[in-house]
Amino acid sequence: MVGKILKTVFAAGLATLMMSGAAMAATGHDFTFEKIEGGKLPMSTFKGKAVLVVNTASFCGYTPQYEGLERLWKSYKDKGLIVLGVPANNFGGQEPGSNEEIKTFCKAEYDVDFPMTEKVDVVGSEAHPFYKWAKETLGAQNAPSWNFHKYLLGPDGKLIAAFPTPTRPDSAEIRAAVEKALQP
């Protein structure tokens, strides 16, 4: 009997260890990206700050949203907002370049100063664990369906909102959500 119980406990523990990081995560702070310039970028470094996570692409009709993202970043970074660009090539092959090419493009064309991650997948079986978690948390209807989809995390790392691609980063809707997230 004891042997059977131990086998069951062991199997349950093993199953838990085999679960994806997305399934086990409690908040966005539980994930790590790689910086576009290299090195780890643990989301836990943003504890106490609101984070707007945006999947980006350099050759998309929505690429000019980089301007609004940079304006939002400059307006709210001293109040506790992080804008995090996450390049992805999942939609229309519109982010084909290397991390270095993406970084150079963003700086040269839009003077991007906010942090960016390395290029990752944001949908599908190879999606970064953060994106799998966000989809599980907010539902498939709030998953990216194109470039420049936005997720807002509160200072506690919990997902507050998702904004579809057409919602401009400096829109009244996003600014109101950011301001609310930054309230003590």
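What follows is calculated from the coordinates using simple rules that are stated; it is not laboratory data. Fair warning: this is a prediction, and the values are worked out from it, not measured in the lab. Counting neighbours? That spans all protein chains shown, and the Cβs are built from the backbone with ideal geometry, glycine included.
For the chain, the longest principal axis of the C-alpha atoms and the axis of helix 172-182 are separated by about 50°. When the alpha carbon gyration tensor of region 22-182 is reduced to an equivalent ellipsoid, the three semi-axes, largest first, read 20, 18, 16 Å. Look at Leu182, Leu69, Leu152 and count the other Cβ atoms within 10 Å of each Cβ; fewest to most, that gives Leu182, Leu152, Leu69. Checking the cross-link pairs Lys79/Lys135; Lys47/Lys180; Lys79/Lys107; Lys47/Lys74; Lys79/Lys132 against a 26 Å limit on the alpha carbon distance flags Lys79/Lys135; Lys79/Lys132 as lying beyond it. Remark on Thr56: its backbone amide H falls under 5 Å from those of Val86, Ala88, Phe148, a criterion applied only to residues 5 or more positions apart or on other chains, H modelled at 1.01 Å from N. Each part reduced to its alpha carbon centroid, region 42-96 and region 143-179 end up 10 Å apart.
Taking the longest Cα principal axis of the chain as reference, the axis of helix 65-76 is set at about 80 degrees.
Charged neighbours of Thr167, selected by a Cβ distance under 13 Å, balance to +1 (K, R count +1; D, E count -1).
Take every pair of alpha-carbon atoms less than 8 Å apart whose residues are at least six positions apart; their mean separation over the length of region 20-156 yields a relative contact order of 36 percent. For the chain, adding -39500 (n - 2.57) for each run of n ≥ 4 DSSP H residues and dividing by the number of residues yields -11000 deg cm²/dmol at 222 nm. Once the Cα atoms are used to define both axes, helix 99-110 deviates from the longest principal axis of the chain by about 40 degrees.
Full extension of the chain segment joining Gln183 with Leu138 gains 14.0 nm, where the gain is 0.36 nm per residue of separation less the Cα-Cα distance.
The mean sequence distance of close C-alpha pairs (under 8 Å, at least 6 residues apart), as a share of the length of region 96-184, puts its relative contact order at 16 percent. Annotation: the residues Glu126, Glu70, sorted from fewest to most other C-beta atoms within 10 Å of their own C-beta, follow the order Glu126, Glu70.
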